[in-house]
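Reviewing the structure listed below.
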Amino acid sequence: MINMILLAMAAAVIWAASVYTYPFRPCRRCGGTGRKPGSTRRRFGPCNRCGGTGRTQRLGSRTAHRTVLSVRSEMAKERQRKRDRRAADNATDPRRLEDR
(Lines give C-alpha, C1' and ligand atoms only; values in the text may rest on other atoms or scores of the structure.)
Protein backbone atom coordinates (compact mmCIF):
# COMPACT_ATOMS: atom_id res chain seq x y z
CA MET A 1 0.00 0.00 0.00
CA ILE A 2 2.79 2.41 0.91
CA ASN A 3 4.61 1.55 -2.32
CA MET A 4 1.51 2.49 -4.34
CA ILE A 5 1.25 5.82 -2.57
CA LEU A 6 4.94 6.58 -3.13
CA LEU A 7 4.63 5.56 -6.77
CA ALA A 8 1.61 7.84 -7.23
CA MET A 9 3.45 10.74 -5.60
CA ALA A 10 6.51 10.18 -7.80
CA ALA A 11 4.30 10.09 -10.89
CA ALA A 12 2.63 13.36 -9.84
CA VAL A 13 6.01 15.07 -9.34
CA ILE A 14 7.26 13.86 -12.72
CA TRP A 15 4.04 15.02 -14.42
CA ALA A 16 4.27 18.46 -12.76
CA ALA A 17 7.90 18.86 -13.83
CA SER A 18 6.97 17.83 -17.37
CA VAL A 19 4.10 20.33 -17.50
CA TYR A 20 6.34 23.09 -16.17
CA THR A 21 9.13 22.30 -18.65
CA TYR A 22 6.90 21.73 -21.71
CA PRO A 23 3.72 23.82 -21.22
CA PHE A 24 2.53 23.57 -24.85
CA ARG A 25 1.39 20.69 -27.03
CA PRO A 26 0.38 20.53 -30.69
CA CYS A 27 -3.15 21.74 -31.37
CA ARG A 28 -5.49 18.79 -31.78
CA ARG A 29 -7.84 20.55 -34.16
CA CYS A 30 -5.28 21.56 -36.80
CA GLY A 31 -2.64 18.93 -36.00
CA GLY A 32 -0.01 21.58 -35.27
CA THR A 33 -0.14 23.24 -38.71
CA GLY A 34 -2.00 26.38 -37.58
CA ARG A 35 -4.46 26.17 -40.47
CA LYS A 36 -8.16 25.49 -40.34
CA PRO A 37 -9.01 21.93 -41.26
CA GLY A 38 -9.98 21.93 -44.94
CA SER A 39 -7.85 24.96 -45.86
CA THR A 40 -6.31 25.05 -49.30
CA ARG A 41 -3.77 27.34 -50.95
CA ARG A 42 -6.55 29.57 -52.21
CA ARG A 43 -8.65 29.55 -49.09
CA PHE A 44 -6.43 29.71 -46.04
CA GLY A 45 -7.59 30.52 -42.53
CA PRO A 46 -5.93 30.27 -39.15
CA CYS A 47 -7.18 27.62 -36.77
CA ASN A 48 -9.83 28.92 -34.39
CA ARG A 49 -8.53 27.00 -31.37
CA CYS A 50 -4.83 27.90 -31.49
CA GLY A 51 -5.08 31.17 -33.44
CA GLY A 52 -2.64 29.94 -36.10
CA THR A 53 0.25 29.09 -33.77
CA GLY A 54 -0.25 25.34 -33.94
CA ARG A 55 0.14 25.02 -30.17
CA THR A 56 -2.21 24.94 -27.19
CA GLN A 57 -1.47 24.92 -23.48
CA ARG A 58 -1.36 21.61 -21.66
CA LEU A 59 -3.75 20.93 -18.83
CA GLY A 60 -2.21 22.15 -15.58
CA SER A 61 0.56 24.27 -17.09
CA ARG A 62 -0.88 27.58 -15.86
CA THR A 63 -1.32 26.17 -12.37
CA ALA A 64 2.24 24.83 -12.31
CA HIS A 65 3.72 28.14 -13.43
CA ARG A 66 1.60 30.17 -11.00
CA THR A 67 2.61 27.89 -8.13
CA VAL A 68 6.31 28.25 -8.92
CA LEU A 69 5.90 32.02 -9.28
CA SER A 70 4.13 32.35 -5.93
CA VAL A 71 6.77 30.23 -4.17
CA ARG A 72 9.56 32.33 -5.68
CA SER A 73 7.86 35.59 -4.69
CA GLU A 74 7.32 34.39 -1.12
CA MET A 75 10.99 33.42 -0.91
CA ALA A 76 11.99 36.87 -2.21
CA LYS A 77 9.70 38.57 0.33
CA GLU A 78 11.24 36.55 3.14
CA ARG A 79 14.76 37.49 1.99
CA GLN A 80 13.71 41.17 1.93
CA ARG A 81 12.23 40.91 5.44
CA LYS A 82 15.48 39.38 6.67
CA ARG A 83 17.49 42.22 5.07
CA ASP A 84 15.18 44.81 6.61
CA ARG A 85 15.54 43.22 10.06
CA ARG A 86 19.33 43.22 9.76
CA ALA A 87 19.34 46.85 8.64
CA ALA A 88 17.10 47.84 11.54
CA ASP A 89 19.36 46.00 13.99
CA ASN A 90 22.48 47.65 12.60
CA ALA A 91 21.00 51.14 12.49
CA THR A 92 21.85 53.37 15.40
CA ASP A 93 18.94 54.54 17.48
CA PRO A 94 18.90 58.37 17.93
CA ARG A 95 18.14 57.95 21.64
CA ARG A 96 21.35 55.97 22.06
CA LEU A 97 23.35 58.87 20.65
CA GLU A 98 21.95 61.23 23.29
CA ASP A 99 23.12 58.94 26.08
CA ARG A 100 26.74 59.15 24.94
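Quick notes on this structure:
- Close pairs from the range 12-29: first within 10 Å of SER61 (Cβ to Cβ) and in a helix (DSSP H, G or I), partner hydrophobic (A, V, I, L, M, F, W, C) and open to solvent by 90 Å² or more (accessible area, probe 1.4 Å), Cβ under 9 Å, at least 6 apart: VAL19/LEU59
- So THR53, is it under 27 Å from TRP15 (Cα atoms), open to solvent by 70 Å² or more (accessible area, probe 1.4 Å) and in contact (Cβ under 8 Å) with a residue 24 or more places away in the chain: yes
- Within the range 35-50, being basic (Lys, Arg) and either outside any loop (DSSP other than H, G, I, E, B) or buried (at least 16 other Cβ atoms within 10 Å of the Cβ) (or both) holds for ARG35, LYS36.
- Count of residues meeting criterion [open to solvent by 50 Å² or more (accessible area, probe 1.4 Å) and over 19 Å from ARG66 (Cα atoms)] in the range 11-34: 6
The values are calculated or read from the model by the stated rules, or taken from the named source; none is laboratory data. Source: prediction; values computed, not measured. Cβ: placed from backbone, ideal geometry, glycine included. Neighbour counts: every protein chain shown. For the accessible areas, the whole protein counts, side chains as well, though only heavy atoms, and no ligand, DNA or RNA atoms are used. Shrake-Rupley method; radii C 1.70, N 1.55, O 1.52, S 1.80 Å.
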